[in-house]
Amino acid sequence: MLQIDHTLVSLDLIERCFVCDVAKCRGACCVEGDAGAPLEKDEFDILRSILPAVWDDLAPASQAVIRKQGVAYVDVEGDVVTSIVDGKDCVFTCRDADGICRCAIEKAFRERRIGFLKPLSCHLYPLRVTRYKTFTAVNYNRWKICRTAEIAGEHMQTPLYRFLREPLIRKFGQVWYEQLDLCAREYLKRKHHSENQ
């Protein structure tokens, strides 16, 4: 673990390589699992406000769930998460012409219809951020559906923390990220040095 300010960062962010390969995984992280995406405190209201802009991109089943229970619910752990369809699919998913699962929120953002990219937990995935009383933990949620991303990352020699630079800055700020980058470079230099002795 690395400590940066009040965060403890798993070494997986530095040691593991990762680059999303949506053509191969087909957006499985949006439709697999047993709960929706965790939301930050202000994101519930944001999702409700942007709903009209993404509504027509949503599947009829997603629209039905939202009509019944809204854009989010409280899961078994007490977290507010996006609503899901049939116990797994996020209600904000949509399919492109190739059948790949995409985020309707991000699609609307890229098309400049809204100013919100997507929930922070989605942007940070496959990282999970957990707040404790005195610190925040940043961990890699390793899952078989992302194996193709690990292979692509290894091929491109892209550490996980570099692939997720934008969402990490969004969450923790530029200065924090620069500290992480400095620590990572020093850690990798020392590791390489010890392996070659």
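The values are calculated or read from the model by the stated rules, or taken from the named source; none is laboratory data. Every value quoted in this text rests on a predicted model; they were computed, and no experiment measured them. No Cβ is skipped: glycine too gets one built from the backbone with ideal geometry, and neighbour counts run over all protein chains shown. Accessible surface is based on the protein model in full, side chains and every heavy atom, while ligands, DNA and RNA are left aside. Shrake-Rupley method; radii C 1.70, N 1.55, O 1.52, S 1.80 Å.
The table that follows gives values for the structure above.
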{"read-out": "Close pairs from the range 141-160: first among the polar types (S, T, N, Q), partner in a helix (DSSP H, G or I) and open to solvent by less than 90 Å² (accessible area, probe 1.4 Å), Cβ under 6 Å, at least 6 apart", "value": "148/25"}
{"read-out": "Test: residue in the range 132-147 that is open to solvent by 100 Å² or more (accessible area, probe 1.4 Å) and of a type in the set (S, T, N, Q)", "value": "yes"}
{"read-out": "Selected residue [modelled with pLDDT of 90 or more and within 23 Å of residue 131 (Cα to Cα)] from 42, 34, 75, 57", "value": "42"}
{"read-out": "In the range 49-93, residue most open to solvent (accessible area, probe 1.4 Å) [restricted to those that are closer than 16 Å to residue 116 by Cβ and not aliphatic (A, V, I, L, M)]", "value": "52"}
{"read-out": "Criterion violated by residue 37 - all others in (1) open to solvent by 70 Å² or more (accessible area, probe 1.4 Å); (2) among the hydrophobic types (A, V, I, L, M, F, W, C); (3) touching a residue at least 24 places away in the same chain (Cβ under 8 Å) satisfied", "value": "(1)"}
{"read-out": "The range 1-34 - residue that is of a type in the set (A, V, I, L, M) and touching a Ser or Thr at 6+ places or on another chain (Cβ under 7 Å) and, of those, most open to solvent (accessible area, probe 1.4 Å)", "value": "1"}
